[in-house]
Amino acid sequence: MKLLEQVGQAAIIRVEDAGALTLQFWSVVRKLPRVLPVVGSRRRWRSAVEQMLAIGASALPMSGIMALCTGFILALQSASELRRFGAVDFVVDLVVIGFTRELGPLITALSVSGRSASAISAEIGTMVVTEEIDALRVMGVDPVEFTLAPKYLAALITLPCLTVLSTLCGIFAGYVFLAFSMDMNLRIYLQAVAEAVVLRDVAFMLVKSLVFATIIIHVGCLEGMRVRGGPEAVGHSTTAAVVKSTFLVIVADLVGTAIFYLMGWSSIR
Amino acid sequence: MTNSGAAKAGDPVISIRGVSMSYGARRVLDRVDLDVHRGEILVLLGGSGSGKSTLLKHVLGLAKPEAGSVTIEGVDITSCSVSELGAVRRRIGVAFQAAALFNSLSVADNVALPLRELTRLAESTIKLTVWMKLIAVGLSDAGSLYPPELSGGMRKRAAVARAMALDPEILIFDEPSAGLDPIVAAGLDELILFLKRSFGMTILVVTHELESAFRIADRIAMLYQGRLVAVDRKEEFTRNVHPRIRQFLERQPDAAPVVAVEEFMTSYLRGSNNDY
């Protein structure tokens with residue numbers, strides 16, 4: 001009986017999470033037009049630009065280096081296996097397809113969720129603790145529009161850019177490996193890359209990065225908004241934000257990829 | 001400040017009627033009735049856990065009561081529309097306990113925030129208004145500083161300046177002297193009295209500091225376990241015989257916890273209870 005209770009309790013918490021996330025998502029989406037540069041408010045756009053620097057630009061070195069390393073590892077591991085079948089040429093395909101479909105968005109999302117989900121939940125959690133959110137409400141300023149919407153817009157813009165850049169880094173790392181190990185010419189490598197890249201994969205990559213941006217920002221904001229009590233609650237919320245957003249990013253990745261394959265989009269080249 | 005025609009000293013600006021609230025099984029507010037009259041300073045006294053913060057949340061429209069109503073300037077904020085609530089909130093300035101200043105903005109920008117967000121005033125007008133508010137609270141030379149660079153008392157003053165930005169008729173202070181040394185706290189009390197004298201504001205102060213309460217209050221209300229046990233002019237309030245008020249005024253501790261601690265300590269020292 002106790003076990004049943006615990007399982008039920010855990011399930012209720014998950015359902016609550018999902019409900020709260022959906023509610024927050026729509027309330028933020030409704031406010032997004034206010035953040036846009038021309039039709040919205042200039043101050044919101046300015047804070048969105050600040051957020052772009054915080055979420056996007058400063059994550060660039062980290063996600064770039066992570067992508068370089070992963071690209072190198074992927075090429076190295078696959079080359080040693082494929083060489084046994086005399087199929088080293090496929091290393092390029094593997095790196096390109098692997099990065100556009102999977103690793104580019106995933107690595108970017110993981111590095112951003114580690115950096116920004118925690119930062120966002122800490123920032124908003126502190127605002128809750130110090131009554132800044134209450135102050136905004138009492139002043140008649142919508143905290144969703146003031147704090148959440150600029151962050152979401154910033155992530156929606158910067159995450160696809162970061163994803164493209166880290167995918168390029170990964171593909172470049174593949175070249176570096178092949179150039180050193182088998183003296184591959186850059187021109188030949190680029191030709192092979194151009195043959196392997198499909199528009200559909202790139203579109204899939206961008207859609208994924210938008211979904212990941214949504215997950216990271218909303219989990220971070222929700223955990224921050226939920227902070228009750230003192231500063232130590234902020235610490236808990238940052239941990240929860242990173243754990244939950246990382247977990248959800250990977251689950252969403254699985255679901256997305258499964259749909260991609262079930263629709264048969266993977267085989268048509 | 002008196003822009004509504006019917007405004008005269010004495011009529012209720014905030015009127016709380018039968019407000020009840022509970023969290024789970026715990027009753028936090030139990031049918032609270034309270035009026036704040038125009039131009040007075042009402043101090044809401046209460047110990048920790050007495051429900052005074054919860055009552056404040058209801059007055060600000062941050063929480064909805066289970067029963068009862070809160071009427072501010074003739075508008076029932078428990079049942080009005082969002083835009084009406086916004087209009088009422090414009091007439092209220094709130095200085096929060098933790099000041100609630102935005103750390104990324106300078107003091108002047110913090111004070112300017114409500115003006116920039118809610119009005120279409122020209123930037124030069126906003127600058128002038130901000131400067132006047134900062135002078136009123138005695139921070140005229142701190143406008144360019146950032147909140148983390150301020151002392152506790154300065155931060156509270158900055159919060160007051162921001163609360164006054166839109167020229168509200170009602171000012172609400174949550175624990176104005178919490179965490180301040182006596183001299184700075186006294187300075188803040190003087191500021192509250194000054195605001196009432198010179199702007200005729202209606203002021204509601206929520207606090208547990210007796211000294212400060214008696215210095216500034218016209219009337220004192222006392223909450224205990226979610227119930228309003230007394231509302232009186234401060235002169236009469238000191239003569240109130242309600243045991244809880246006597247205890248509060250004479251600063252007597254609750255008997256039970258002290259005894260429990262003593263028992264625990266003696267048994268602990270005897271070594272009979274070392275598994276704690």
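The values are calculated or read from the model by the stated rules, or taken from the named source; none is laboratory data. Owing to the predicted nature of the structure, the values given are computational and were not obtained by experimental measurement. Neighbour counts are summed over all protein chains in view; Cβ atoms, including those assigned to glycine, are modelled from backbone coordinates with ideal geometry.
A single member of A:VAL28, A:VAL35, A:VAL49 is touching a residue at least 12 places away in the same chain (Cβ under 8 Å) and under 21 Å from A:GLY114 (Cα atoms), and it is A:VAL49.
List pairs: first in the range A:175-194 and closer than 18 Å to A:ALA67 by Cβ, second part of a loop (DSSP other than H, G, I, E, B), Cβ under 6 Å, 6+ apart or cross-chain? Note: pairs meeting the criteria are A:LEU178/A:MET184.
How about the range A:118-137: which of its residues are modelled with pLDDT under 90 and in contact with a strand residue (DSSP E or B) (Cβ under 9 Å, 6 or more places away or on another chain)? Once the filter is applied, which keeps residues that are modelled with pLDDT under 90 and in contact with a strand residue (DSSP E or B) (Cβ under 9 Å, 6 or more places away or on another chain), the range A:118-137 yields only A:GLU131. With respect to (1) touching an Asp or Glu at 6+ places or on another chain (Cβ under 9 Å); (2) aliphatic (A, V, I, L, M); (3) within 14 Å of chain A (Cβ to nearest Cβ), the lone exception for B:ALA142 is condition (3).
Here B:VAL94, B:VAL137, B:VAL130 are screened, and the one residue that is more than 30 Å from B:ARG17 (Cα to Cα) and at pLDDT 90 or above is B:VAL130. State which residue is modelled with the highest pLDDT when the search covers only the range A:64-108 and only residues that are surrounded by fewer than 23 Cβ atoms within 10 Å (Cβ to Cβ) and among the hydroxyl-bearing types (Ser, Thr, Tyr). Filtering first and then ranking leaves A:THR70. So which residues in the range A:204-244 are of a type in the set (Lys, Arg) and either within 16 Å of the chain's Cα centre (by Cα) or closer than 21 Å to A:VAL28 by Cα (or both)? Scanning the range A:204-244 gives A:LYS208, A:ARG226, A:LYS244.
Residues in the range A:52-63 that are among the small types (Gly, Ala, Ser) and in contact (Cβ under 8 Å) with a residue 60 or more places away in the chain were compared, and the one that is surrounded by the most Cβ atoms within 10 Å (Cβ to Cβ) is A:SER63. Under the condition of being of a type in the set (S, T, N, Q) and within 17 Å of A:GLU132 (Cα to Cα), the residues counted in the range B:110-122 number 1. A single member of B:THR125, B:THR129 is over 15 Å from the mean Cα position of the chain (by Cα), more than 11 Å from chain A (Cβ to nearest Cβ), farther than 26 Å from A:VAL128 by Cβ and surrounded by 18 or more Cβ atoms within 10 Å (Cβ to Cβ), and it is B:THR129.
Condition first: more than 14 Å from chain A (Cβ to nearest Cβ) and either in a helix (DSSP H, G or I) or basic (Lys, Arg) (or both). Can you find one or more residues in the range B:59-73 that meet it? No, the range B:59-73 has no match at all. Restricting attention to the range B:170-188, the residues that are in a helix (DSSP H, G or I) and buried (at least 20 other Cβ atoms within 10 Å of the Cβ) total 2.
Scanning the range B:117-168 for residues that are of a type in the set (Val, Ile, Thr) and in a helix (DSSP H, G or I) gives B:THR125, B:ILE126, B:THR129, B:VAL130, B:ILE135, B:VAL160. If we scan the range B:229-251, do we find a residue that is of a type outside the set (Ser, Thr, Tyr), buried (at least 20 other Cβ atoms within 10 Å of the Cβ), on the phi < 0 side of the Ramachandran plot and within 17 Å of the chain's Cα centre (by Cα)? No - not one qualifying residue is present in the range B:229-251.
Against the numbered list (1) among the hydroxyl-bearing types (Ser, Thr, Tyr); (2) surrounded by fewer than 18 Cβ atoms within 10 Å (Cβ to Cβ); (3) touching a residue at least 40 places away in the same chain (Cβ under 8 Å), B:SER151 comes up short only at (3). State whether the residues of the range A:186-203 include one that is over 27 Å from the mean Cα position of the chain (by Cα), surrounded by fewer than 22 Cβ atoms within 10 Å (Cβ to Cβ), of a type in the set (S, T, N, Q) and assigned to a loop (DSSP other than H, G, I, E, B). No, the range A:186-203 contains no residue that is over 27 Å from the mean Cα position of the chain (by Cα), surrounded by fewer than 22 Cβ atoms within 10 Å (Cβ to Cβ), of a type in the set (S, T, N, Q) and assigned to a loop (DSSP other than H, G, I, E, B). Of all residues in the range B:48-82, those satisfying the criterion of being of a type in the set (Ser, Thr, Tyr) and surrounded by 20 or more Cβ atoms within 10 Å (Cβ to Cβ) are B:SER50, B:THR54. The residue list A:GLU132, A:GLU123 contains one member that is more than 26 Å from the chain's Cα centre (by Cα) and either away from every other protein chain (no Cβ under 11 Å) or not polar (S, T, N, Q) (or both), which is A:GLU132. Each residue in the range B:104-116 was checked for being β-branched (Val, Ile, Thr) and either within 11 Å of chain A (Cβ to nearest Cβ) or part of a loop (DSSP other than H, G, I, E, B) (or both), and 0 pass.
For the criterion of being at pLDDT 90 or above and either more than 9 Å from chain A (Cβ to nearest Cβ) or not in a loop (DSSP other than H, G, I, E, B) (or both), B:GLY47 fails.
Applying the condition of being part of a loop (DSSP other than H, G, I, E, B) and out of contact with any Pro (no Cβ under 9 Å at 6 or more places or on another chain) to the range B:75-103 and asking which residue is farthest from the other protein chains (Cβ to nearest Cβ) yields B:SER79.
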